[in-house]
Amino acid sequence: MSTDPIRGRSKIDWATSRMPLLSLLRERFLEERPFADLRVAMSIHLEAKTACLAMLLRDGGAQVSVTGSNPLSTQDDIAAALTEEPEVAVYARHGVSQAEYNAHLEQTIADHPHLVLDDGGDLVSLLHKSPQPQVLGGCEETTTGVHRLRLLAAQDKLIFPMYAVNDARMKSLFDNRYGTGQSVWDGIFRSTNLLIAGKNVLVVGYGWCGRGIALRAQGLGARVTVSDVDPIHALEAWMEGFDVAPVADAVRRADLVITATGCTDAVPAEALQQAKDGIVLCNAGHFNVEVRPDVLADLASSQRTIREGVQEYVLPDGRKLYLLGEGRLVNLALGDGHPVEIMDLSFAVQALTLEHLVNASPLDPDLYPVPAYIDEQIARMKLETLGVRIDALTDAQRAYLGSS
C-alpha cells in the first residue's frame with residue numbers, strides 16, 4: 001500500500017470537496033473554536049473522509065490523536081498526509097498485528113484525551129481498564145460499539161458519559177443503510193470481479209446494514225435470501241420480497257454470503273461444512289468473528305491466497321470456499337468505505353455531538369442519545385446544500401398537533 005503523503009493529500013482534497021456539511025461546520029469552528037484547549041482521541045477507520053473529520057476537530061481548536069479501529073482499514077498514504085498536519089498525531093499503519101494494533105491504542109490514550117471518538121469500542125474499553133480523570137466523555141458510531149457501551153451502562157460500569165451516535169437518525173438511516181449497502185458491494189466487486197446478477201446471495205442479519213446490503217443485491221439482479229434470529233426482522237424481510245431461511249439451509253445454495261450481525265459465528269462450522277462449492281464469504285460486521293478464518297482453516301485440507309484479499313480454503317472432499325479480507329469489514333479491508341456524501345452526514349453528527357458534550361459537561365456517566373435537534377439541524381443543512389425546499393407547519397397546525 002502506498003505511503004506517499006502527496007497521494008494521500010489528493011484523496012483528502014477530493015473528499016473535502018464533496019463534504020459540504022463539514023465545510024460549513026469548519027467555517028463556524030474556525031471562528032468559535034469550540035474545542036479550544038481540549039485533546040481529542042479518535043479510534044477510527046483511517047482513510048480520506050476520517051482525515052477530514054480529524055482536521056475539522058483540529059480547526060475547532062482541538063489537539064487530535066488518531067489511531068485505527070481495524071488492522072486492515074488504515075490507508076497508509078492518508079496516514080502519511082495526516083501526520084504532516086499541525087496539532088494532529090497519528091498512530092496507525094495498514095496490516096498491523098494485534099499486538100501493534102493494541103500498542104497504537106495505548107499511544108493514543110497516552111496523549112491524555114478529554115474527548116473520545118470511538119468506532120467499535122476498543123478505545124473506550126482501554127480507557128476503562130486504565131482510567132484517566134480528565135476524560136469528559138465521547139461518542140460511538142457503530143452498532144457493535146454501542147452494544148458494548150450498553151452492557152457497561154447496564155452494569156453501572158461506565159465511568160464517563162458517552163453518546164450513541166450510531167442510533168442517531170441521521171446516522172443509522174443513512175450511513176448504515178445506504179452507506180453499507182453501497183460500500184460492501186464496492187469491496188466485493190474490487191476483490192472478486194464477479195457478476196452478481198443471477199447469483200444466490202445470502203445476507204445474514206437484517207438490521208439497517210443488512211437491509212442496505214440486501215436492497216443493493218436485489219437491485220443488482222441477485223436472488224436474495226435473508227437469515228435473522230429476530231422474528232420481527234425476518235418477517236420484515238419476507239414482506240419486503242426476500243426469501244427467509246436458516247443459515248444452515250440457505251448456505252447450501254448460496255453463491256455469496258455477507259454477514260452483518262455484530263455477533264460471533266454468524267456462519268458456524270456446521271453450516272460451512274454444508275456450503276456450496278465455490279461459495280464466496282465476506283463480513284460487514286465490525287469484528288472478524290462472524291465468518292471466522294480459524295474455523296475455515298480447521299475445516300480445510302489446504303489454503304492459499306488466490307487473489308489479493310481472497311483466501312481459498314479447500315475442503316477434504318475438494319469443495320473450495322473463498323473468504324474476502326480475512327473476514328474483516330469487506331468495505332474497508334478491500335474498499336474505501338462508505339461514500340463520501342454519506343460520511344459527510346455521519347461526521348457532522350459526530351462533530352456536533354462532541355460540541356454538545358463539551359457545552360453540556362459535566363454529565364453523569366451514562367449512555368446518552370444524540371439530541372434530536374442535532375439530527376434536525378444536519379438534515380436541514382443537507383437539504384439546503386442540495387437546493388431542496390420543504391414545507392413548515394403553520395401556527396394552526398402546530399396548535400392542532402399540540403391539542404389533546
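The values are calculated or read from the model by the stated rules, or taken from the named source; none is laboratory data. For clarity, every value in this text was computed on a predicted model and none was experimentally measured. With ideal geometry, Cβ positions are generated from the backbone for all residues, glycine too; neighbour counts draw on all protein chains shown.
The rows are residues; the columns are (1) over 23 Å from S10 (Cβ atoms); (2) acidic (D, E).
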{"position": "H45", "(1), (2)": "no, no"}
{"position": "L56", "(1), (2)": "no, no"}
{"position": "L72", "(1), (2)": "no, no"}
{"position": "Q75", "(1), (2)": "no, no"}
{"position": "A80", "(1), (2)": "no, no"}
{"position": "A89", "(1), (2)": "no, no"}
{"position": "S97", "(1), (2)": "yes, no"}
{"position": "E100", "(1), (2)": "yes, yes"}
Of the residues that make up region 168-182, is at least one buried (at least 24 other Cβ atoms within 10 Å of the Cβ), touching a strand residue (DSSP E or B) at 6+ places or on another chain (Cβ under 6 Å) and not small (G, A, S)?
no
I'd like to know if region 365-385 contains one or more residues that are at pLDDT 95 or above, closer than 28 Å to R169 by Cβ, touching a Pro at 6+ places or on another chain (Cβ under 6 Å) and part of a helix (DSSP H, G or I).
yes
Region 1-47: number of residues that are touching an Asp or Glu at 6+ places or on another chain (Cβ under 6 Å) and without any contact (Cβ under 8 Å) to a residue 24 or more places away in the chain:
0
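Specify the residue that is surrounded by the fewest Cβ atoms within 10 Å (Cβ to Cβ); the eligible residues are those in region 1-28 that are β-branched (V, I, T) and more than 23 Å from H338 (Cβ to Cβ).
We begin by selecting, within region 1-28, every residue β-branched (V, I, T); these are 3, 6, 12, 16.
Of the ones still in play, those that are also more than 23 Å from H338 (Cβ to Cβ) are 3, 6.
Values: T3: 15, I6: 10.
Only one residue fits best here, namely I6.
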Taking T305 and the conditions (1) touching a residue at least 24 places away in the same chain (Cβ under 8 Å); (2) among the β-branched types (V, I, T); (3) surrounded by fewer than 20 Cβ atoms within 10 Å (Cβ to Cβ), which numbered condition does it fall short on, given that it satisfies the others?
(1)
With the structure loaded, tell me whether W238 is among the hydrophobic types (A, V, I, L, M, F, W, C) and over 25 Å from G335 (Cβ atoms) or whether it fails that test.
yes
Output yes when any residue across region 346-355 is surrounded by fewer than 21 Cβ atoms within 10 Å (Cβ to Cβ), over 25 Å from R216 (Cβ atoms) and not assigned by TED's automatic domain parsing to the domain that holds H233, and no when none is.
yes
Sort out which residues of region 29-50 are touching a strand residue (DSSP E or B) at 6+ places or on another chain (Cβ under 8 Å) and either of a type in the set (V, I, T) or buried (at least 20 other Cβ atoms within 10 Å of the Cβ) (or both), and write them in order of number.
F35, L38, V40, A41, M42, S43, I44, H45, L46, T50
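Is it the case that A217 is part of a helix (DSSP H, G or I), at pLDDT 95 or above, within 25 Å of N176 (Cα to Cα) and touching an Asp or Glu at 6+ places or on another chain (Cβ under 6 Å)?
Numbers: part of a helix (DSSP H, G or I): yes; at pLDDT 95 or above: yes; within 25 Å of N176 (Cα to Cα): yes; touching an Asp or Glu at 6+ places or on another chain (Cβ under 6 Å): no.
Criteria not met by A217.
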Output for region 269-301, where each listed residue is under 25 Å from V146 (Cβ atoms) and not aliphatic (A, V, I, L, M)
C282, N283, G285, H286, F287, N288, E290, R292
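Each row is one residue, and each column tells you yes or no for (1) polar (S, T, N, Q); (2) within 25 Å of V370 (Cα to Cα); (3) assigned to a helix (DSSP H, G or I).
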{"position": "R150", "(1), (2), (3)": "no, yes, yes"}
{"position": "A153", "(1), (2), (3)": "no, yes, yes"}
{"position": "K157", "(1), (2), (3)": "no, yes, no"}
{"position": "R177", "(1), (2), (3)": "no, yes, yes"}
{"position": "G181", "(1), (2), (3)": "no, yes, yes"}
{"position": "C209", "(1), (2), (3)": "no, yes, yes"}
{"position": "V229", "(1), (2), (3)": "no, no, no"}
Please go through region 197-221 and give me each residue that is surrounded by fewer than 22 Cβ atoms within 10 Å (Cβ to Cβ) and farther than 22 Å from P339 by Cα, ordered by number.
A197, G198, K199, N200
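Could you pull out every one of the strands (runs of 3 or more DSSP E) wholly within region 51-139 that has 2 or more residues that are within 25 Å of I6 (Cβ to Cβ)?
Fully inside region 51-139 and qualifying: 63-67, 88-91.
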